[in-house]
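See below for the structure under consideration.
Read the figures in this text as sums done on the coordinates, not as results from a lab. Owing to the predicted nature of the structure, the values given are computational and were not obtained by experimental measurement. Ideal geometry is used to build each Cβ from the backbone, glycine not excepted, and the neighbour counts take in all protein chains shown.
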Amino acid sequence: MTRPSPGDPVALSTSNEAMTAHVSAVPFRAQPFAHYWLAVAPFGALTGVLLGSILYLFYAGVGIWGIDWPVAWGFALINYVWWIAIASGGTFISALFYLTRSEWRNAINRIAETMTLFGAACAGIYPILHLGRPWFFYWLFPYPNTMGLWPQFRSPLLWDFFAILTYVTSSVLFWYFGLLPDLATMRDRATSRRWQVFYGALALGFRGSSTQWRHYHVTYGVLAAIMAPLVCSVHSIVGLDFAGAATPGWHSTQFPPFFIFGAFLSGFATVLLLVMALRRLLNLQAWMTGRHLDVLCKLMLTSSLFVGYAYVMDGFTVFYGGEKADIVNYTARLFGYYAPVYWGAVLFNVMLPQLLWVRALRVNQLLVTLLCCGVIVGMWFERYTIVVISLHRPHLPSAWGLYHGSLWDWLTLMGTAGLFVFGILLAIRIIPAMSMFEMRETLEQRR
Amino acid sequence: MRIVVGAFPDETAMQAALGRLREAGFNAIETYGPKPAGEGHSPLPLVILAGGLFGAALGFWWQTHETVQAYPLDIGGRPLFSWPAYVPIALEIGILLAIASGVFGFFVVNRMPRLWEPVDDAPAMRRATSDRWCIAITTETPEQARHALWRFAALEVDEVAA
Amino acid sequence: MAAIFPPEANLAAKLVLLSLAGAIAAGIGWWWLFPRTDYARHVDWTVQQPVPFSHQHHVGGLGIDCRFCHVTVEVSGNAGLPPTYTCMTCHSQIWTNAALLAPVRQSLADNVPIRWHRVTDLPDYVYFNHAIHVAKGVGCESCHGAVADMPLMRKVRSMTMSFCLDCHRDPAPHLRPAEAIFDTKWQRTPDTPSPATLMAQYHVGGRNLTECSICHR
């Protein structure tokens, strides 16, 4: 393989059959590819850590976390927002760039959507865990109950519940719908009875008839057109969770778009990281070329500029508004105890990605990997800034205080990271890692 | 009745054969291929629109009912029917039902799950989801159909019971 | 024969999906319905007591007033259970050798109260005050049912939060004249003052009775 370059075509000229054979062979392989277990083992272990810390949390309660007054929201909220932002980037790639007919999208939309699923799963764990009595999580849902009560429909927290419910359900349905033709391909290429029945049952009898394709094509387009605004609404509502509270550092009208910018940035970084890893692991370099790296880097750079703009506006609104508590809070962010966290976010999210202006650096995989990891960490710092730094300087000086995550906070965070990678590693052993039927169109256009 | 299946190497060859088969008087024809083909009418966008509108209306009505009738909460004297606050949840429920009706509507319209169809017995069909384009003719006169398919450059022709 | 599935698979797949959906719906239905059953709520469950005390006999038959035994009901949050001395007001004179009453005599002799078992038990996070309800026109019967007809005491109302809220949201139809509070067989008659009049008489309605802290303190 030659080194990827920004001028690479979107796919090397390969035949349909070669592409299909290569992609579909991965799940059928009896022996996993090299290094697979090396990756599965540590992340599987981390998933075990997650299970353990959840069980201990259920046993002991949220007191095992670092939360206390005034920072009553800690890692649970940070991690929730962080994960849901990562998840959103995947839907954005698969839905929005489908509508723009971007030819590079077809090779990576499966990875992006699968990432969305596991990102959303990791995110969805936290709101349940942070409840004092997690087994009553269904009390969030308005159902006719024996207490004669209904939740507060005017609160962004309830909007958030519905947004996440819709987002997770729709992502699963959209992902499955997009898999349908590939599942049919897998069914027809399977040689063992076991795989034939497995994929056959999942494909539900999709066989590529012109009638099926006609309905499929139209439906997929409409669903994509709905998914793209859905992502924006979900993340706006997450922003409103904060903006709706009269807390210094949160009570800002720019939060909904600010959160969407952050979602783009962390989502693109994660997709880019996964694309770089999986194209190497599964030998997909012929279809995920330098062009893909180049495009994703440009997207990351653009969203990094958006985020930088939001950081500037954060400061501007504080001083333009001139409220004392806001100014105290913001000054504490810049120069206070937690200042390194804030400046870390600025460095990783805004400053370092500027390197991507240089064309040659956009395909330097080592550098891009480091930048992506930086962005992912930086986005976590940003959530830490929003949640912890804002809360530790409330209106009343008598209520000021510090916060540190406990061991269990860190273990749960590491655990969800384990679940995320572990889930994706399992998924690529079962489903085709590239959308084969959409790649056939891309290859056709190349010919 | 018999079904005669012919396999073609690409879409152009299949389309060419399809036109000539129609001219030759074969009408009960279905084609199969590994990538989206054929623009045409589908009721599904309307189904999705209906699902979405129904969901949004249901969500809006639901919130109105709970906040105005079932559980009125006086918050600082604000009006009980605070409709702007109902919009986000109505939107989310609308989107949820739109997506669900799109996916499940697709299954209903195609009468899926249909794990078995007579045409599955044709070995040629197994590559129709990878790199072959197939034409399936349902006919009383399989002999003629076979000849026609061979004549129009099919790579492979199978005949199965309908 | 190249097909992967036999023709029967079509029907089987549909049945499997339908029964899956049915099972989920039934599961949710059961989860929703079960807490609403009288069984789960222990409604109409008779609780076994150390002495099979009959309200039907004492209240319905002999006409003893509720307050003869539950003496603090008008002045305290707790209605109060009678000390053994109250039983002995009569039972030191009549049925003095009845086997049924052995635990009562034992209690007196040992100077240890009889341990009755609660029939109507509210959760600890609910604050309920008998005195205010009785003073504001809520009859015993509204929560405890027709006690005068019960040979053995049983719970007759669900005692769920919505049971409480139904009345707190709209108390008027549940109020009765002061003289009828302890009459478990009272029925509204044409002569009864209207619900609105009773509301005014008892000065109910001046504050929001569904305020959370009214019951959860």
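Just how many % of Cα pairs in region C:93-217 lie over 21 Å apart, if you round to the nearest whole percent? Counting pairs separated by more than 21 Å, the tail of P(r) holds 53 percent.
Among B:C134, A:C373, C:C164, C:C143, the order by Cβ neighbours within 10 angstrom, fewest to most, reads A:C373, C:C143, C:C164, B:C134. In chain A, the longest principal axis of the Cα atoms and the axis of helix A:407-430 are about 10 degrees apart. Cβ crowding within 10 Å, taken as a proxy for footprinting-reagent exposure, orders C:I64, B:I135, C:I181 from fewest neighbours to most as C:I64, C:I181, B:I135. Rounded to two decimals, the Cα-based Rg/Rh of chain A, with Kirkwood Rh, is 0.98.
The residues neighbouring C:D44, those whose beta-carbon lies less than 12 Å from its own, together hold a net charge of +3 under the Lys/Arg +1, Asp/Glu -1 convention. Put in line by how crowded their Cβ is, counting other Cβ atoms within 10 Å and starting with the fewest, A:D160, C:D65 read C:D65, A:D160.
Computed on the Cα atoms alone, the convex hull of the protein assembly as shown gives a volume of 239 cubic angstrom per residue.
Whole angstrom only: what separates the Cα centroid of region A:309-358 from the Cα centroid of region C:1-68? Here the answer is 57 Å between Cα centres. When peptides A:198-204, C:92-98, A:433-439 are ranked by their average number of other Cβ atoms within 10 Å per residue, the highest-first order is A:433-439, A:198-204, C:92-98. With the simple spin-label model, which puts each label point 7 Å out from Cα in the Cβ direction, the B:L49 to A:T146 separation comes to 4.7 nm. Within the P(r) computed for region B:60-135, what percentage of the Cα pairs occupies the region above 16 Å? That tail contains 70 percent of the Cα-Cα pairs.
Straight-distance candidates among the lysines for linking to C:K155, with alpha-carbon spacing under 29 Å and chain neighbours fewer than 8 residues away dropped: C:K136, C:K185.
On C-alpha positions alone, give me the angle between the axis of helix A:193-203 and the longest principal axis of chain A, in degrees, nearest 10. Long axis of A:193-203 versus the principal axis of chain A: about 60 degrees. Note on region A:337-447: percent of Cα-Cα distances in each 10 Å bin, starting at 0 and stopping at the bin with the largest distance, equals 11, 23, 29, 22, 10, 4, 1, 0.
So what is the orientation-averaged projected area of region A:88-188, using the convex hull of its C-alpha atoms, in nm²? With every direction weighted equally, the projected area is 9.2 nm². Taking label points 7 Å from Cα along the Cα-to-Cβ direction, C:V126 and A:L55 give a separation of 3.6 nm. Size descriptors for chain C (Cα atoms only): Rg and Dmax, in that order, 25.5, 96 Å. Take every pair of alpha-carbon atoms less than 8 Å apart whose residues are at least six positions apart; their mean separation over the length of chain B yields a relative contact order of 54 percent.
Relative to the dominant Cα principal axis of chain A, helix A:210-243 is inclined by about 20°. Taking the Cα centre of each part, how many Å lie between region B:42-56 and region A:1-53? Here the answer is 38 Å between Cα centres. For region A:192-222 versus region A:223-271, the spacing of their alpha-carbon centroids is 34 Å.
Helix hunt in chain C: which complete DSSP H runs extend at least 15 Å axially by C-alpha with mean Kyte-Doolittle at least 1.0? For chain C, where a helix must reach 15 Å along its axis and average at least 1.0, the hits are C:8-33.
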